[in-house]
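J.: Here you go, one structure.
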Amino acid sequence: MLSPGDSLLAVTPSTCCLSISLYTGLAFHSTQTAVLSVHNDLVRAVDNGQVSLLVLLDLSAGFDTVDHQILLSVLSDRFSVNSTTMNWFESYLTDRTQLFTHHGRQTSSFPVNCSVAQGSVFGPVVFISYTEDVVDLMDRHGVRSHMYADDTQFYDSCRPSDFDLLRARLSHCASDTDLWCKSRRLQLNDNKTEAIWFGSKSNLSKLSTANTSVQVGSATIHPSAVVRDPGLHLDSELSMKHHVAKVAAVCFYHLR
């Protein structure tokens, strides 16, 4: 008999409910797949004389804030999970309790009505099902997006002369995503959300005196020179110098 997580994993790809920009739980997809796709788009944009803006969102304890009742509603309304399978999910999620033990002393148990286990087979698949419709929101803003578990990023490219229109569009998308997160009881971490512009040295110099920040709700995100995409350090000129330096430093540390 399939577990609830295995059942959802079997159903969603076959019903085409999950966007192709989602990678968690799909065969032959990983963080490497997501990073390669983003890097390829950015390099092609540079070759075409464009500049690109990438926004990397950070969720505070994303897996720990999944609301069980909202999750069950999403599984029913979005993925048509019902009957016995829905009973499995309800049985797994409801009437859960938690307690802590410290130095032999134990707290009383208290109900747990949110969170899914990140280290389980069930957790990441359910989390991406809980959040996958944010891709529809990003599509409405005309931006490209990629998600792997709780790592979400979106980006687009334009001619250097149109950078301010691109900045405004991604700012609106980020602010709407912040509102969407609140509707799912997810907390967007403004302090760890990052933005970065990519382009050739000459095209980036055209933006040096302009306002290139991104607005996320009431927070202003100033662009970084280097960001860490899952497993990869990307710099504004896509030179890979910072990534090579980081890898070399780690290798040297283990070899010495």
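J.: Considering only protein heavy atoms, what per residue accessible area in square angstrom results for the chain with a 1.4 angstrom probe? Write out the running numbers ahead of the final one.
T.: Working: 13640 Å² over 256 residues.
Roughly 53 Å² per residue, with all protein chains present.
J.: Measure nothing but the geometry: give the 0 to 90° angle between the long axis through the Cα atoms of 31-47 and the longest principal axis through the Cα atoms of the chain, rounded to 10°.
T.: Approximately 20 degrees, to the nearest ten.
J.: For the chain, find the longest principal axis of its Cα atoms and tell me its angle to the long axis of helix 68-79, 0 to 90°, nearest 10.
T.: Approximately 70 degrees, to the nearest ten.
J.: Another one. Given the options 83, 129, 60, state which has the largest fluctuation in a GNM of the chain using a 10 Å cut-off (strictly under) for Cα springs.
T.: Checking each option, the largest mean-square fluctuation is seen for 83.
J.: Tally Lys/Arg at +1 and Asp/Glu at -1 over every other residue whose Cβ is under 12 Å from the Cβ of residue 213; what's the total? Can you show the working numbers first?
T.: Details: positive: 167; negative: 164, 194.
Value of the local net charge: -1.
J.: Tell me which residues come under 5 Å, amide H to amide H, from residue 195 once H is placed; ignore anything under 5 positions away on its chain.
T.: 56, 224
J.: With θ set to phi - 60°, apply the Karplus curve 6.51 cos²θ - 1.76 cosθ + 1.60 along the stretch 215-222 and write out the HN-Hα couplings as whole Hz, x wherever there is a Gly or Pro.
T.: Taking θ as phi minus 60°, the curve returns 9, 10, x, 8, 9, 10, 9, 7 Hz for the stretch 215-222.
J.: Between 230, 111, 160, where does the largest GNM mean-square fluctuation fall for the chain, given springs only between Cα atoms within less than 10 Å?
T.: Taking springs between Cα atoms under 10 Å, the residue moving most is 111.
J.: Using the Karplus equation 6.51 cos²θ - 1.76 cosθ + 1.60 (θ = phi - 60°), what ³J(HN,Hα) coupling, rounded to whole Hz, does each residue of the stretch 178-187 give in order, writing x for Gly and Pro?
T.: Karplus values, whole Hz, x for Gly and Pro: 4, 5, 4, 4, 5, 5, 9, 6, 9, 10.
J.: May I pose another question? Could you tell me what percent of the accessible area of the chain is made up of carbon and sulfur, with a 1.4 Å probe and every protein chain present? Intermediate values should be presented prior to the final figure.
T.: Details: 7170 of 13640 Å².
C and S atoms contribute 53 percent here.
J.: Pick out which of 221, 196, 70 has the largest mean-square fluctuation in a Gaussian network model of the chain, springs linking Cα atoms closer than 10 Å.
T.: So, out of 221, 196, 70, the one fluctuating most is 70.
J.: While we're here: With a ≥ b ≥ c taken as the square roots of the eigenvalues of the C-alpha gyration tensor of the stretch 146-245, please select rounded if a/c is under 1.5 and otherwise prolate if a/b is larger than b/c or oblate if it is not?
T.: Numbers: a/c = 2.21, a/b = 1.30, b/c = 1.71.
Judged from the Cα gyration tensor, the stretch 146-245 comes out oblate (a/c at least 1.5, b/c at or above a/b).
J.: Straight-line reach from residue 201: which lysines fall under 19 Å, measuring Cα to Cα and dropping same-chain residues less than 8 apart?
T.: Residue 201 reaches 241.
J.: Sticking with this structure for a sec: Testing the spin-label approximation: label points 7 Å from Cα along Cα→Cβ at residue 225 and residue 202. State their distance in nm.
T.: About 2.3 nm, to one decimal.
J.: Can you pull out the chymotrypsin sites (Phe, Trp or Tyr not before Pro) in the stretch 50-101 that DSSP calls coil and that have at most 15 other Cβ atoms within 10 Å?
T.: On the way: sites: 63, 79, 88, 89, 92, 100; in loops: 100.
Listed in order of number, the matching sites are 100.
J.: Restricting things to alpha carbons, tell me how big the stretch 81-154 is in terms of Rg and Dmax, in Å.
T.: Computed over the Cα atoms of the stretch 81-154, radius of gyration and Dmax are 17.2, 55 Å.
J.: Using a simple spin-label model with points 7 Å from Cα along the Cα→Cβ vector, what separation in nm is obtained for residue 255 and residue 69?
T.: 5.8
J.: To continue, here is another question. Assuming a ≥ b ≥ c are the square roots of the Cα gyration tensor eigenvalues, decide whether the stretch 28-151 counts as rounded (a/c under 1.5), prolate (otherwise, with a/b larger than b/c) or oblate. Walk me through the intermediate numbers first.
T.: Values: a/c = 2.96, a/b = 1.86, b/c = 1.59.
Here the stretch 28-151 falls in the prolate category.
J.: Lys and Arg at +1, Asp and Glu at -1: add these up for the other residues within a Cβ distance under 14 Å of residue 158 and post the number. Mind dumping the intermediate values first?
T.: On the way: positive: 44, 144, 159, 167, 169, 206; negative: 41, 156, 162, 164.
Surrounding charge for residue 158 is +2.
J.: Something else about it: Compute the Cα gyration tensor for the chain, then decide on rounded, prolate or oblate, letting a ≥ b ≥ c be the square roots of its eigenvalues: rounded whenever a/c is under 1.5, prolate when a/b is larger than b/c in the other cases, and oblate in all that remain. Provide the component values of the computation, followed by the final result.
T.: Numbers: a/c = 1.94, a/b = 1.66, b/c = 1.17.
Because a/c hits 1.5 or more and a/b exceeds b/c, the chain counts as prolate.
The values are calculated or read from the model by the stated rules, or taken from the named source; none is laboratory data. Since the model is a prediction, treat every value here as computed from it, not as a measurement. Because the Cβ atoms are built from the backbone with ideal geometry, glycine has one as well, and the counts that use them run over all protein chains shown. Heads up: the accessible areas ignore ligands, DNA and RNA and are worked out on the full protein's heavy atoms, side chains in. Shrake-Rupley method; radii C 1.70, N 1.55, O 1.52, S 1.80 Å.
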